[in-house]
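Report on one structure; see the data block that follows.
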Amino acid sequence: MPRLTTVDPTGHAAFAGGVPPINIFKGMAANEEVFKGFLGFMGAIKASKALTDAELEVVALAAAQDMGCQYCLAAHTKIGAGVGLDADRSMAIRQGRGANAREQALIDFTRSVINSKGYISDAQLASFRAAGFDDRAAIAAMAEVTAMTFTGLYNHVHQTEVDFPAAPALA
């Protein structure tokens with residue numbers, strides 16, 4: 001059961017412009033300024049086009065798995081399916097296995113950033129770059145990790161009710 005305030009999205013200013021009334025947003029909208037800032041931040045990450053939509057979902061799934069956020073796993077498994085990450089591929093990403101060297105480098109970079117709190121080695125950054133990623137991609141990946149950290153922490157504190165199909169348990 002949710003532990004923080006939620007809002008009715010009907011007529012609520014935060015939901016103008018087509019913001020989906022999913023449970024996480026109904027809760028975040030209780031602080032409209034932070035919610036709008038979060039949406040703007042997420043929009044900026046995507047607008048940078050430093051990572052493809054699928055690559056952003058790779059980062060989101062790897063981060064959600066490391067955060068242990070069931071809401072995030074469910075949401076990003078669903079969103080990932082919409083950008084070409086089928087169930088098997090989403091599961092592999094969560095297990096830390098990329099479909100190719102580039103995707104593996106993205107997963108490894110994401111997990112290194114999370115697990116080291118950003119204190120990655122020169123070799124880890126060089127490996128990420130060797131896979132064809134540039135500094136803009138590194139910044140976008142770190143921004144996505146930041147967004148996932150916020151949403152994961154928020155969902156843990158709030159105990160957001162999952163309104164997506166549950167992500168399968170890791171095999």
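Structural remarks
- Qualifying trypsin sites (Lys or Arg not before Pro) for region 91-171 [loop in DSSP, other Cβ within 10 Å: at most 15]: R97, K117
- Compared with the dominant principal axis of the Cα atoms in the chain, helix 101-115 is inclined by about 60°.
- Kirkwood hydrodynamic radius (C-alpha pairs) into Stokes-Einstein, region 59-162, 20 °C and 1.002 mPa s, D in µm²/s: 154 µm²/s
- Distance violations [Cα-Cα > 24 Å] among K26/K78; K78/K117; K26/K46; K36/K117: K78/K117; K36/K117
- Cα-based reach from K49 at 14 Å (exclusive), listing aspartates and glutamates while leaving out same-chain residues under 8 positions away: E57, D134, D135, E144
- Mean separation of Cα pairs under 8 Å and 6 or more residues apart, divided by the residue count, gives the chain a relative contact order of 33 percent.
- Against the chain, whose longest principal axis comes from its Cα atoms, helix 135-158 is set at around 40 degrees.
- The angle between the Cα long axis of helix 32-47 and the longest principal axis of the Cα atoms of the chain comes to about 30 degrees, rounded to the nearest 10.
- Residues whose amide H falls under 5 Å from that of F164, counting only those 5 or more places apart or on a different chain, are absent, with hydrogens built in the peptide plane.
Here, each number is a calculation from the coordinates, and none is a lab measurement. Since we're looking at a predicted model, the values are computed, not measured. As a convention, Cβ positions derive from the backbone with ideal geometry for all residues, glycine included, and neighbour counts pool all protein chains shown.
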